Amino acid sequence: MRYLRLFALQLRTSLIFALQYRSDFAVDGAVEIMWAFASVVPLVVVLQGGRSIGGFSFGESLVVVAFFTLLKALLDGAVAPSIATVVEHVRKGTLDFVLLKPADAQFLVSTAKFYPWRAINVVTAMAIFGYAFRLLGRVPSVAAIAMALVLLVDAIAILYALLVLTVSIAFYAVRVDNLTFLLGAVFDAARWPGTVFRGALRVVFTWVLPLIVMTTYPAQALLGTLPWLTVVVSTFGAVAFTAVSRVVWVRAIGAYTSASS
């Protein structure tokens, strides 16, 4: 409960800052919505004329895009802004003030900053889901929704773990801005169904940077084409990613020399 109150306080503070300039808030929100719908344009171009891509029809591909839009909103609005503060703290030597607080440092830096206007794309993702299943002429079953929700939680955990692993390098290399930008750029590939990737790319995007696990698997689950065994394996993988990121974070904190050293 204590950490829930801390989270609510951090979120409220970010919301207050964001609403200081309400016109900017509205403009930023509109830009985010336009960006989300622009991400559908490549699919329209590739799949015009009733074609499919990697065995996915236009409607099925839209389900992948919807999950991509949802995760992108969480990445840009919650995970990345907060985690990026670690780089600045390490660079300036101000992480001391975080470590001295009576709460877990990883939690504090993970909830330090939010961009609420980017959460608008959560609504955009819901609209894409609705349109996709309208095109498909059906609705997902309760079991499919349950599987998709489990995989969505897995995807969020993996995405967060990847950001933690990336910024942990800051304790050794300091400037890792380019790495975080690179991770964001690579994540854009997650908008495409995983079946389009072949050979080494498919292995990398499944086991190293599991983009397929983050968007294609939840989409397949919602479409009712993913076996339960894959859900179980993906969940174990998400737990493993999270555990590894925690170990790396703790060791990175141990390497921090602080501003007074």
Alpha-carbon centroids, segment 131-166 and segment 1-33: separation in whole Å: 24 Å
Take each complete run of DSSP H in the chain, measure how far its Cα atoms stretch along the helix's own axis, and keep only those covering 30 Å or more with mean Kyte-Doolittle hydropathy at least 0.0; list them. 142-168, 228-255
For segment 190-220 and segment 52-96, what is the centre-to-centre distance using only Cα atoms, to the nearest Å? 15 Å
List the relative contact order of segment 135-261 as a percent without decimals, with contacts defined as Cα pairs under 8 Å and 6+ residues apart. 46 percent
Reachable lysines, given that their alpha-carbon falls under 23 Å from the alpha-carbon of Lys72 and they are not under 8 places away in the same chain: Lys113
Given 0.36 nm per residue, what is the gain on full extension from Ile16 to Arg138 after removing their alpha carbon distance, in nm? 39.8 nm
Please find, in a Gaussian network model of the chain (springs between Cα atoms separated by less than 10 Å), the residue of Ile83, Ile212, Ile145 whose mean-square fluctuation is greatest. Ile145
Cα pairs beyond 21 Å in segment 144-261, in percent, come to 43 percent
Under the rule of at least 5 residues apart or a separate chain, name every residue whose amide H is placed under 5 Å from the amide H of Trp192. none
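What net charge do the residues around Ala219 carry, taking every other residue with its C-beta under 12 Å from that of Ala219, with Lys and Arg at +1 and Asp and Glu at -1?
0
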With only alpha-carbon atoms counted, please give the Rg and Dmax of segment 2-255, in Å. 18.9, 61
For a quick protection proxy, order the peptides 190-196, 215-221 by their average other-Cβ count within 10 Å, most packed first. 215-221, 190-196
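Read-outs throughout are calculated quantities, based only on the coordinates presented, and are distinct from any laboratory measurement. All values reported here derive from a predicted model rather than from experimental measurement. We place every Cβ from the backbone using ideal geometry, glycine too, and count neighbours over all the protein chains shown.
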